[in-house]
Amino acid sequence: MLKRWLPSLAILAVTGIGFALVPLAYSNQFLLFNMMMYMALAQGLNIIYGYTGYLPFGYVGFFGAGAYGAAMAISFWHWPVLLAVLGGGLVAVLFGLLLTPLFRLSGAYFSIANLAAAEALFYLVANPHMTALTQGPYGINLPQVYDPNFAYGTMLAILLFAVAASAYLRRSRFGLALAAIREDTVSASMAGIDVVRARAVAWLLSAFIAGLAGATYGWYISVFYPETVFALSITVFTIVFVLFGGQGTVLGPLIGTLLLYGAYNVIGISNPQYFQLAYGILIVVLVLFLPAGLASLLRRRRATDER
Amino acid sequence: MGLLEYALLAGLLYGLYFALVAAGLNLIFGVMRIINLAHGDFLMLGAYGAFYLYHLMGWSPLWAIPLEFVVFLALGLPLYYLLVPRLQRSGDPEMRSFILFFGLSQIIEALAVFAFGNDQRSIPSNVFGGHPVDLLGQTFPLAWVLSAVFGLLGIAALYVYLYGSSLGRATRAIMANPDEAAITGISVQRISALTFGIGIALAALAGIFSPFMVGAIQPDLGVGITLISFAIVVIGSLGHPLGTLVGGIVYGVSLMLMQTYLPSWSQMLPFVLLIAILLVRPGGLLGKGVRRA
């Protein structure tokens, strides 16, 4: 029993201790914060894409919903900040509940409809007519709760929660049920799995993680605009990180984010076109030549060793 | 009542043009089950083509039509063989095409910034001659009417190709069932490559008229266009050749009604429309029942 969970516990410990200690030696806290954020998002996406096979191209919608939910709880009702972050996560879950009918669609239809939903939410939040509620296009300003160190710690907690959730889903009975649904929905339901419920749980968990991450991101940077927290690039970065590392594994999304987000900062934000070009080429090569991610290399080696 | 009539007519003009904008995306999906997320970027390249032909050579955008069709068809064939057969051997081509073509879109956009710079470009709207056109008592810029006529002609030509030629019949056979088409001796790869080229060329052709209908030409023009094209194609129904026309008109008319009566909400429209229609009719307006693809 313990042996089964040992790798996951090791991953959790290394992640937690790593991000707690690195700031002592490396001063760019914003970069570390973003890396944790993308790792959490990657695990969240892994839960819905890696484990159930639905690719939400509008995943950033939950991130933005979380950021705005928390910001509104802070500015209107003066909630304590941790409660507001939780509220942001719950707003994302509500948005996710609203979107559950999309599960009637499959494959590309689901991805496109989810993308459309995120865009629609963006235009709703950014509409000048919504100024009283969301500040519309003028953005959110949260100086009253500005506390980067506290937000950093909170994001670390969210990341650990996301990793733990992903590990649980990979090793538990419930995770096996999800895998069965992904491979063959009809057989899974004949085997007595409640397909609709299982899928909804994974979906809402995944939305919750993105909402928490979005809320904490908004808190950390404390000034943001609709374009900032609804940027399509957040979804795409996350998808690419997950694919690069390997979907459906616990370690894959973490390694993928570590390497690619690291590379992103090395290639440099100073020259966006070179970055965009390198990034595009990387994606194309990745999909064509390494469709199951880095984790598949490890697994293939192990499989040949055993033989 | 002038306002409503104007909105409806302008919507129809826009709709006919936007049907052409989305047609290539639908064609490629129909035959290859591939989502070309770089669709809008090919439109952007077509727009730059028309821009440079006009400003450097003094050519009217109308001359760009045959030239760009040939160029982009020739570009599409090698691109097909480079990307698609390998993609189709992977486990889940439909999902992976999303990411693959997003990567391609990033490459095109970055190269476009290198080649053309980040400045906004435009073609003067009186390039076709300045007189506005009278339609049922409303006046519209000539460029709008020409774009609509060209959109309609483009869709009609596609329709004639698909339903009137032997290549088109083979294409429709692959749309219906690639395995059976292969058994009857149709070269699936060659027809698919040709379709891919035509799909990209249609996007580029729509780009020629984009300065008059969509707005300024710039390298990041593509993303928004791709999203709108998706909405149109899904509203009509994916993989259904006539669906694009229906989707385009539904989009154009409702866009113009929104811009007339509720302008600040009009950008949200295509996405709300898309979700609403998918929830009521999961296969799109012309689709039959729930789609498995």
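The values are calculated or read from the model by the stated rules, or taken from the named source; none is laboratory data. Here the structure is a predicted model, which means the values were calculated and not measured. Every residue, glycine as well, gets a Cβ built from its backbone with ideal geometry; the counts of neighbours run over all protein chains shown. These area figures cover heavy atoms from the full protein model, side chains too; ligands, DNA and RNA do not enter into them. Shrake-Rupley method; radii C 1.70, N 1.55, O 1.52, S 1.80 Å.
So B:Gly215 ticks every box in (1) crowded, with 18+ Cβ neighbours inside 10 Å; (2) under 20 Å from A:Tyr123 (Cα atoms); (3) at pLDDT below 90; (4) more than 14 Å from chain A (Cβ to nearest Cβ) but one. Which box is left unticked?
(1)
Only one of A:Val93, A:Val85 is within 27 Å of A:Phe30 (Cβ to Cβ) and assigned to a helix (DSSP H, G or I). Can you tell me which?
On inspection, the qualifying residue turns out to be A:Val85.
Can you name the condition, by its number, that B:Leu135 falls short on among (1) open to solvent by less than 40 Å² (accessible area, probe 1.4 Å); (2) more than 9 Å from chain A (Cβ to nearest Cβ); (3) touching a residue at least 40 places away in the same chain (Cβ under 8 Å)?
So B:Leu135 meets the others, but not (1).
Only one of these is within 14 Å of another protein chain (Cβ to nearest Cβ), out of contact with any Cys (no Cβ under 8 Å at 6 or more places or on another chain), closer than 20 Å to B:Val246 by Cβ and of a type outside the set (Gly, Ala, Ser): B:Ile28, B:Ile34. Name it.
B:Ile28
If we scan region B:61-74, do we find a residue that is of a type in the set (D, E, K, R), crowded, with 20+ Cβ neighbours inside 10 Å and at pLDDT 85 or above?
The answer is yes; a qualifying residue exists.
In the list A:Ala116, A:Ala120, which residue meets the criterion of being modelled with pLDDT under 95, within 24 Å of B:Ser229 (Cβ to Cβ) and crowded, with 23+ Cβ neighbours inside 10 Å?
A:Ala116
Among (1) open to solvent by 20 Å² or more (accessible area, probe 1.4 Å); (2) among the hydroxyl-bearing types (Ser, Thr, Tyr); (3) modelled with pLDDT under 90, which single condition is A:Thr249 missing?
Just one mismatch for A:Thr249, condition (1).
For region A:204-219, which residues satisfy the criterion of being of a type outside the set (S, T, N, Q) and either at pLDDT below 95 or crowded, with 24+ Cβ neighbours inside 10 Å (or both)?
Of everything in region A:204-219, those that are of a type outside the set (S, T, N, Q) and either at pLDDT below 95 or crowded, with 24+ Cβ neighbours inside 10 Å (or both) turn out to be A:Ala207, A:Phe208, A:Ile209, A:Ala210, A:Gly211, A:Leu212, A:Ala213, A:Gly214, A:Ala215, A:Tyr217, A:Gly218, A:Trp219.
Considering each residue of region A:53-78, count those that are surrounded by fewer than 24 Cβ atoms within 10 Å (Cβ to Cβ) and farther than 16 Å from A:Leu142 by Cβ, and give that number.
The number of residues fulfilling the criteria is 2.
Conditions (1) open to solvent by 10 Å² or more (accessible area, probe 1.4 Å); (2) of a type in the set (D, E, K, R); (3) modelled with pLDDT under 90; (4) out of contact with any Cys (no Cβ under 9 Å at 6 or more places or on another chain), marked per residue:
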| site | (1), (2), (3), (4) |
| --- | --- |
| B:Pro241 | yes, no, yes, yes |
| B:Ile249 | yes, no, no, yes |
| B:Gly252 | no, no, no, yes |
| B:Met258 | yes, no, yes, yes |
| B:Ile275 | yes, no, yes, yes |
| B:Leu279 | yes, no, yes, yes |
| B:Pro282 | yes, no, yes, yes |
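Could you pull out every one of the helices (runs of 4 or more DSSP H) wholly within region A:232-291 that has 1 or more residues that are within 14 Å of chain B (Cβ to nearest Cβ) and in contact (Cβ under 8 Å) with a residue 60 or more places away in the chain?
A:232-245, A:251-267
Determine whether B:Ser90 is of a type in the set (S, T, N, Q) and over 19 Å from the mean Cα position of the chain (by Cα).
Answer is yes for this residue.
Considering (1) surrounded by 22 or more Cβ atoms within 10 Å (Cβ to Cβ); (2) facing chain B (nearest Cβ under 7 Å), say which one A:Asn127 fails and leave the rest.
(1)
Which one of the conditions (1) at pLDDT below 90; (2) surrounded by fewer than 22 Cβ atoms within 10 Å (Cβ to Cβ); (3) not polar (S, T, N, Q); (4) not in a loop (DSSP other than H, G, I, E, B) does A:Ala164 fail to meet, given that it meets all the rest?
Every listed condition holds for A:Ala164 apart from (1).
Can you name the residue in region B:1-49 that is under 20 Å from B:Ser192 (Cα atoms) and not in a helix (DSSP H, G or I) and is also most open to solvent (accessible area, probe 1.4 Å) among such residues?
Selected residue: B:Arg33.
When the residues of region A:130-161 are narrowed to those that are open to solvent by 70 Å² or more (accessible area, probe 1.4 Å) and not in a helix (DSSP H, G or I), which ends up farthest from the other protein chains (Cβ to nearest Cβ)?
By that ranking, first place goes to A:Tyr146.
Could we say that A:Ser106 is out of contact with any helix residue (DSSP H, G or I) (no Cβ under 8 Å at 6 or more places or on another chain) and at the interface with chain B (Cβ under 9 Å from one of its Cβ atoms) here?
So A:Ser106 passes the test.
Are any of the residues in region B:122-130 more than 14 Å from every other protein chain (Cβ to nearest Cβ), surrounded by fewer than 20 Cβ atoms within 10 Å (Cβ to Cβ), among the hydroxyl-bearing types (Ser, Thr, Tyr) and not in a loop (DSSP other than H, G, I, E, B)?
Yes, some residue in region B:122-130 is more than 14 Å from every other protein chain (Cβ to nearest Cβ), surrounded by fewer than 20 Cβ atoms within 10 Å (Cβ to Cβ), among the hydroxyl-bearing types (Ser, Thr, Tyr) and not in a loop (DSSP other than H, G, I, E, B).
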